[in-house]
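The values are calculated or read from the model by the stated rules, or taken from the named source; none is laboratory data. Bear in mind that the values here come from a model prediction, so they are computed numbers and not experimental data. Neighbour counts run over all protein chains shown; Cβ positions are idealised from the backbone, glycine included.
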Amino acid sequence: GIDLSNEIALQQLQADMNAAVRPLQAEPLLAVAADTQAPHEVRNPADHNDVVGSAAFLQVAAVPGIIAAAKAAEAGWAAVSAAERAEMLRRCADLLETHMPELMALAVREAGKTLNNAIAEVREAVDFCRYYADEAEHTLPENSQGVGTIVAISPWNFPLAIFTGEVVAALAAGNTVIAKPAEQTSLIAYRAVQLMHEAGIPRNVLQLALGAGDVGAALTQSEQINGVVFTGSTEVARLINQTLAKRSDNPVLIAETGGQNAMIVDSTALAEQVCADVLVSAFDSAGQRCSALRILCVQEDVADRMVNMIRGAMNELRVDNPAELKTDIGPVIDAEAQANLQSHIDRMKGIARSSHQIRLPENAGNATFIAPTLFELNNLNDLQREVFGPILHVIRYRAEELDDLIDQINSKGYALTGGIHSRIDGTVEHIRRRIEAGNVYVNRNIVGAVVGVQPFGGHGLSGTGPKAGGPFYLQRLSRLATWRAPQTTCS
Ligand code: TXE
């Protein structure tokens, strides 16, 4: 592994990344001929003069042919044993690992990831391959088979990790897969699928359908498909859910969506630890994580001190080109996201009790940066919609208001993660039981679930289905084939 604290290792990796940069012309990777639209240029969100490559999106009319090819491949794939599927996935892991510099370069230049985040991105993808390979081989019953053809729709914020996790889980369980990555991050998905094909996954078993939401919609609306694995916005998950619910054959849906996640800090918490954990949870990845911290609840008697400390630490954060080693925070994904976040900031400036925003570099050019921002709110209701960026909202509470506050957070129905910072066991236990969140973290940051160690996922508006990277995921994507009844002797 790479020692992140070793600057020389990082510099070497950076040099390897730069050497791996080449323009990519991504196109759908299919088992059938399909019409595409004219390729569009993909540009680096930190530097719009840097052309990363181009991507050709599908015409929606191509979708039925792609689905027919996946259906035709089901029987052949079902004949491949779980052990053989696992072997292919392990080869995928090895190939992703060998191509780490190239994939990191794409994560940085296409998605605006910092170097550390880009390393984590590739590692998580590799972990998903190995974890689901092991799960398929060792935990699926012998008479288990895939449910058929799965559509895997993924977002841009973890353009390799979530993409790979969804795809390899469905493959490991024995399904044929049509993968539809986010339109913003087609290039890294294209390289990942090329490597998966190289690892032996047949081209008709895994197809890459590049395109925007219209392609995703057409794929999920086909009655031929047997399930959808989705990560993205709550709105789109709801649309897909409505589409699938109309069918009488009960297709599978696993959805992982947004989060309006909170951390509760009482007056016994270790301030320095809280500060470090808040910074990572709220601002790392420019806050573009569904697990990111949006609402920090601080007990009133320590609030001034806590907020001042966080403001001071924020000033040390360096927002800049993520290809630089010293950068903590890169751009947000695109100009549309930047404009949305800016409008939220403008609105909050009018109603917040106080605000703090750090300065952007002077040579920011056309980069889509959003400066990390802290708002102190008077009322939690001032925060209406999900904010997907480096913006933290702080609210103060008195001890006797704690339960009301938790109820208010719960009533949003929208928590993937939750955090508690306290040195009183009873308080930790009380909050842990009362707060409704997919994953609750105690005295640490609330981001960065580990495949196979901390299965990840929420409920309510945050998602439905088993947790990713956990023991029940493949079961949902498979079913038991004909049971052979035990021999009975009747007399
Ligand atoms: O998500 P979309 P977007 C949240 C976050 C963000 C917001 C919008 O709040 O600001 O969603 O981001 C495909 N049928 N998260 O617009 O639109 C789309 O092409 C089928 C949270 O990127 O949901 C892409 O591949 N598919 C989140 C995928 O859905 C459709 C990660 C996600 O896009 C479709 C990203 C349709 N009708 C955004 N419309 C997280 N959980 O981390 C679009 N798509």
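For this structure, a couple of remarks:
- Some residue of region 403-424 being crowded, with 18+ Cβ neighbours inside 10 Å and in contact with a His (Cβ under 6 Å, 6 or more places away or on another chain): no
Residue-by-condition table, conditions (1) under 21 Å from the mean Cα position of the chain (by Cα); (2) among the basic types (Lys, Arg):
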residue	(1), (2)
SER186	yes, no
ARG191	yes, yes
LEU195	yes, no
ARG203	no, yes
GLN207	yes, no
SER222	no, no
SER233	yes, no
ASN241	yes, no
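- Any hit, region 337-356, residues being away from the ligand (no atom under 16 Å from the Cβ), of a type in the set (D, E, K, R) and outside any helix (DSSP H, G or I): yes
- Close Cβ contacts (under 8 Å, 6 or more residues apart or on different chains) running from residues in region 263-290 that are within 19 Å of ASN439 (Cβ to Cβ) and of a type outside the set (Asp, Glu) to residues that are in a helix (DSSP H, G or I) and at pLDDT below 95 comprise CYS290/SER462.
- Taking region 233-243 as the range and being in contact with a helix residue (DSSP H, G or I) (Cβ under 9 Å, 6 or more places away or on another chain) and either more than 11 Å from the ligand (Cβ to nearest atom) or among the small types (Gly, Ala, Ser) (or both) as the test, only ALA237 passes.
- Scanning region 436-447 for residues that are within 25 Å of GLU400 (Cβ to Cβ) and surrounded by fewer than 21 Cβ atoms within 10 Å (Cβ to Cβ) yields GLU436, VAL440, VAL442, ASN443.
- Of all residues in region 157-182, those that are under 15 Å from LEU89 (Cβ atoms) and within 14 Å of the ligand (Cβ to nearest atom) have Cβ atoms under 6 Å from Cβ atoms of residues that are of a type outside the set (A, V, I, L, M, F, W, C) and in a loop (DSSP other than H, G, I, E, B), 6 or more apart or on another chain, in PHE163/SER154; PHE163/PRO181; GLU166/SER154.
- Out of ALA125, ALA78, ALA70, ALA26, one residue alone is in contact (Cβ under 8 Å) with a residue 40 or more places away in the chain, surrounded by 22 or more Cβ atoms within 10 Å (Cβ to Cβ) and over 22 Å from ILE333 (Cβ atoms). It is ALA70.
- Whichever residue in region 427-445 is touching a strand residue (DSSP E or B) at 6+ places or on another chain (Cβ under 6 Å) and more than 18 Å from GLN408 (Cβ to Cβ) and, among such residues, is nearest to the ligand (Cβ to nearest atom): ASN439
- Residue in region 326-334 that is free of Cβ contacts under 8 Å to residues at least 24 places away in the same chain, within 30 Å of ASN18 (Cα to Cα) and either of a type in the set (Asp, Glu) or within 16 Å of the ligand (Cβ to nearest atom) (or both) present: no
- Unique match (being more than 8 Å from the ligand (Cβ to nearest atom), at pLDDT 95 or above and either surrounded by 24 or more Cβ atoms within 10 Å (Cβ to Cβ) or more than 14 Å from LEU30 (Cα to Cα) (or both)) among LEU219, LEU187: LEU187
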